[in-house]
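Everything below concerns the one structure shown next.
The values are calculated or read from the model by the stated rules, or taken from the named source; none is laboratory data. Not measured: the values here are computed from a predicted model. Neighbour counts are summed over all protein chains in view; Cβ atoms, including those assigned to glycine, are modelled from backbone coordinates with ideal geometry.
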Amino acid sequence: MIPGVPAAPSGVRTKIMLNRRPISAGLERPEPSELQWLCRSVLDGAFADFRGAAIDAAFYPYIGLTHTIRRTGRGWRVRLSDHCRHAPRPVLEAIIQILGCKVLRRRPRQEALRLYDRFRRDPAVEQAVRARRLQKGRKNLGGDGGRHHPLGDIYRELNGAYFNDQVEVARIGWGLRRSRRRLGHYDPVHHTITLSPVLDAAGVPRIAVRYIVYHEMLHAVFESGPPGRRRRHHTAEFRRAEEAFPHYEDAKKFLGEYCRKLR
Ligand SMILES: [Zn+2]
């Protein structure tokens, strides 16, 4: 200590240090644990419902700027698009708030919506999202696939209409094998949905493709529990959810006949 210069009280100094760390330079590269910490503090601070619940938060390589929150056995699972890895801390806080509001069916604060919207429209962010879409799209196209039915659009539309945008899939695309037996497949390890390219034909109505995508999205919902447990794929609950799909009967009927003709 320099004589004559009053020292800052140590408590204040410590506090400044603690506050500074996560804010520093807009959280340049938040580690998962840092995101975890941020989620915890935003959710705990804003919503009583989250207090004391386990929160598992991480960035996730979604194709678009997608963020999700979902109940797990013991708490909540939060996944933020890894396009936000470099987002300033207030933006991350806004996203977490919006997710919390969404799951509790509350209206998010205008400030949070405004902040997030500005981030979303940032040309650099838009460019990164576009680039990833293109790259994933190219990887997905097997042969002449993707001519008639844009799976990404169908997936996004279904996610909004029936799943409250809560389905988490890292990739959806046409497969390479023209399988007639297996029209769709959800891979729970890689979180991917693949459709057989036999369905990407002019003669296949959109409802049939939507039905298969819907079915695979249900698998994504029902098979998202803790890994390693053996589970039945088409439980009674799954079937009930499946039958709720509009045009369920028509789609099944068409696909049955279509596949018979292909054989
Ligand atoms: Zn199935």
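If the condition is being touching a Lys or Arg at 6+ places or on another chain (Cβ under 9 Å) and more than 15 Å from L99 (Cα to Cα), then region 37-59 contributes A53, A54. Only one of the numbered conditions (1) at pLDDT below 90; (2) on the phi < 0 side of the Ramachandran plot; (3) crowded, with 16+ Cβ neighbours inside 10 Å is violated by D49, and that is (3).
Applying the set (1) modelled with pLDDT of 90 or more; (2) in contact with a Phe, Trp or Tyr (Cβ under 6 Å, 6 or more places away or on another chain) to F222 leaves exactly one unmet item: (1). Could you tell me whether any residue of region 207-221 is more than 14 Å from the ligand (Cβ to nearest atom) and assigned to a loop (DSSP other than H, G, I, E, B)? No, region 207-221 has no match at all.
Put simply, of E168, E249 the only residue that is farther than 30 Å from I69 by Cβ and among the acidic types (D, E) is E249. Taking (1) surrounded by 15 or more Cβ atoms within 10 Å (Cβ to Cβ); (2) part of a helix (DSSP H, G or I); (3) within 12 Å of the ligand (Cβ to nearest atom) in turn, R239 satisfies each apart from (1). Counting residues in region 158-169 that are over 19 Å from A241 (Cβ atoms) and surrounded by fewer than 19 Cβ atoms within 10 Å (Cβ to Cβ) gives zero.
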